[in-house]
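The values are calculated or read from the model by the stated rules, or taken from the named source; none is laboratory data. Quantities reported herein were computed from a predicted structural model and do not represent experimental measurements. Methodologically, a virtual Cβ is constructed for each residue, glycine included, from the backbone with ideal geometry; neighbour enumeration extends over all protein chains shown. The protein model used for the area step is the full one, side chains on, heavy atoms only, and it has no ligands, DNA or RNA in it. Shrake-Rupley method; radii C 1.70, N 1.55, O 1.52, S 1.80 Å.
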Amino acid sequence: MRYAIYFSPPRDHDLTVAAAQWLGRDAFSGLPIPATGLGALGAGAQAYYTAAPRRYGFHGTLKAPFRLASHAREGDLLRALGEFCATMAPVPLPDLAIGLLGGFFALVPARENGRLNDLANRVVAGFDRFRAPLSDAELERRRPERLSRAELRNLYNWGYPYVFDAFRFHMTLTGHVEEHERDRVEIALRRHFGTLPEQELSVDRLTLFVERESGAPFDVHSVHEFGAQPVRATA
């Protein structure tokens, strides 16, 4: 069983709904949404290119998936999340844009966002006490031979290569897209999402996702809003 601390907009937000339709699954309900095809991108191609991110649900990673440390319990993690979020103020996330990162498409901020980077750094460091060390198999799945020295150090120290200076906030929309298919996929993405990524959005909550068994989809466990707000459990 693994947990992850993500940002996801509210369940009924237009961007959340559109992303669930694109990915083919609603992480809040856990229900699949059959691909219908979008413009020149048929249903089969849509399902193929969204297969990898579909399992994780629509999100921006702040603390990558981790197993609980032997001394920690789920209740401890929930209490810490509540206490942390009660002290936080929303971080504006204006002008998201569809971008290509290392061969996959994602929503990314159109410009550098120092407050968002600071939030991510605090989540990575502040919740690391709940993370069990990576197993040898988990380390190997990260393909350490392909990582830079800094990324490898992050992997061993924090359980994930892309933190701190290597962090770039993104909300994944596809798996790897072959170069000759990228124009077609990008056109379908832009037609599907329209101006939704450009609408005002703030990181005003942390969402705890859970993978209940190895290889299972990640579903929303609970939502922790910033400020003195009650926790809303969904599972």
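Would you please list the contacts, defined by Cβ atoms under 6 Å and residues six or more apart or on different chains, that run from a residue in the stretch 67-91 that is closer than 28 Å to GLU200 by Cα to a residue that is of a type in the set (D, E, K, R) and open to solvent by 30 Å² or more (accessible area, probe 1.4 Å)?
Close Cβ pairs satisfying both conditions: PRO90/ASP204; VAL91/ARG115.
Condition (residue is buried (at least 18 other Cβ atoms within 10 Å of the Cβ) and not in a helix (DSSP H, G or I)) applied to the stretch 14-23: is it met by at least one residue?
Checking the stretch 14-23: not a single residue is buried (at least 18 other Cβ atoms within 10 Å of the Cβ) and not in a helix (DSSP H, G or I).
Just to verify a result, which residue in the stretch 114-125, among those that are open to solvent by less than 30 Å² (accessible area, probe 1.4 Å) and touching a helix residue (DSSP H, G or I) at 6+ places or on another chain (Cβ under 9 Å), is farthest from ALA89 (Cα to Cα)?
VAL124
Any chance the stretch 38-61 includes a residue that's under 18 Å from the mean Cα position of the chain (by Cα) and β-branched (Val, Ile, Thr)?
Checking the stretch 38-61: at least one residue is under 18 Å from the mean Cα position of the chain (by Cα) and β-branched (Val, Ile, Thr).
Kindly establish whether PHE28 is farther than 23 Å from LEU155 by Cα and open to solvent by less than 40 Å² (accessible area, probe 1.4 Å).
The answer is yes for PHE28.
Exactly one condition in (1) open to solvent by less than 70 Å² (accessible area, probe 1.4 Å); (2) not in a strand (DSSP E or B) is false for HIS71; which is it?
Status for HIS71: all satisfied but (1).
Answer yes or no: is there a residue in the stretch 48-61 that is out of contact with any Pro (no Cβ under 6 Å at 6 or more places or on another chain), open to solvent by 30 Å² or more (accessible area, probe 1.4 Å) and of a type in the set (Val, Ile, Thr).
no
Out of curiosity, is GLU213 touching a residue at least 60 places away in the same chain (Cβ under 8 Å) and either out of contact with any Ser or Thr (no Cβ under 8 Å at 6 or more places or on another chain) or surrounded by fewer than 20 Cβ atoms within 10 Å (Cβ to Cβ) (or both)?
yes
Take the residues of the stretch 128-166 that are over 22 Å from ALA69 (Cβ atoms) and basic (Lys, Arg): which is surrounded by the fewest Cβ atoms within 10 Å (Cβ to Cβ)?
Step by step, filter the stretch 128-166, then rank; the result is ARG149.
Tell me, which residue of the stretch 74-109 that is aromatic (Phe, Trp, Tyr) and part of a strand (DSSP E or B) is surrounded by the fewest Cβ atoms within 10 Å (Cβ to Cβ)?
PHE104
Looking at the stretch 167-196 only, could you name the residues that are open to solvent by 50 Å² or more (accessible area, probe 1.4 Å) and in contact with a Phe, Trp or Tyr (Cβ under 9 Å, 6 or more places away or on another chain)?
ARG168, HIS176, ARG182, GLU186
If GLN199 meets every condition in (1) crowded, with 16+ Cβ neighbours inside 10 Å; (2) of a type outside the set (Val, Ile, Thr); (3) at pLDDT below 95; (4) farther than 18 Å from GLY24 by Cβ apart from one, which number is that one?
(1)
Restrict the check to the stretch 136-150 and report whether at least one residue is on the phi > 0 side of the Ramachandran plot, of a type in the set (Lys, Arg) and free of Cβ contacts under 8 Å to residues at least 60 places away in the same chain.
yes
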